[in-house]
Amino acid sequence: MAAAMASVARPMSETRLTARCTIYCDWLVSLIIATGVVFAWRGAWNICDSLLLPQQPLWSAAARLIGGSVLFVVACVIQPSLAAWARHHDRTRCLWLVDALYTYLSFWVSVLTWNGVWY
């Protein structure tokens, strides 16, 4: 029994402690990111509900679905041009800005399409 108690009382090794801390930090970061995504979707969804024909839900859903589809086509058309431009330019800040704007456009494509379908 003394041997069993000795194994329980030993401190955890640093590598196990570091691995456990890494896992908990990963969970925390994932939770924070997931919460931010939920807030962004919820806010965008509420904006769509309040601004796009709020008195006519059927027409509003159709407008969102059409708007999302049109923006999707626009995103697909401009993506090769943006990729070619990015290959020829080495301005990091400009690339980050273009990437952020393209991601923002893609976010609205997703929100509008989902919002239009889930009428």
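Data overview
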quantity: Answer residue from region 67-114, given it is more than 16 Å from the chain's Cα centre (by Cα) and closer than 17 Å to I47 by Cβ and is least open to solvent (accessible area, probe 1.4 Å) among those; calculated: G68
quantity: Boolean, I33 is within 14 Å of W118 (Cα to Cα), modelled with pLDDT of 95 or more, surrounded by 10 or more Cβ atoms within 10 Å (Cβ to Cβ) and among the hydrophobic types (A, V, I, L, M, F, W, C); calculated: no
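The values are calculated or read from the model by the stated rules, or taken from the named source; none is laboratory data. Just so you know, these numbers come straight off a predicted model, no measurement behind them. Neighbour counts run over all protein chains shown; Cβ positions are idealised from the backbone, glycine included. For accessibility, only protein heavy atoms count, side chains too; no ligands or nucleic acids. Shrake-Rupley method; radii C 1.70, N 1.55, O 1.52, S 1.80 Å.
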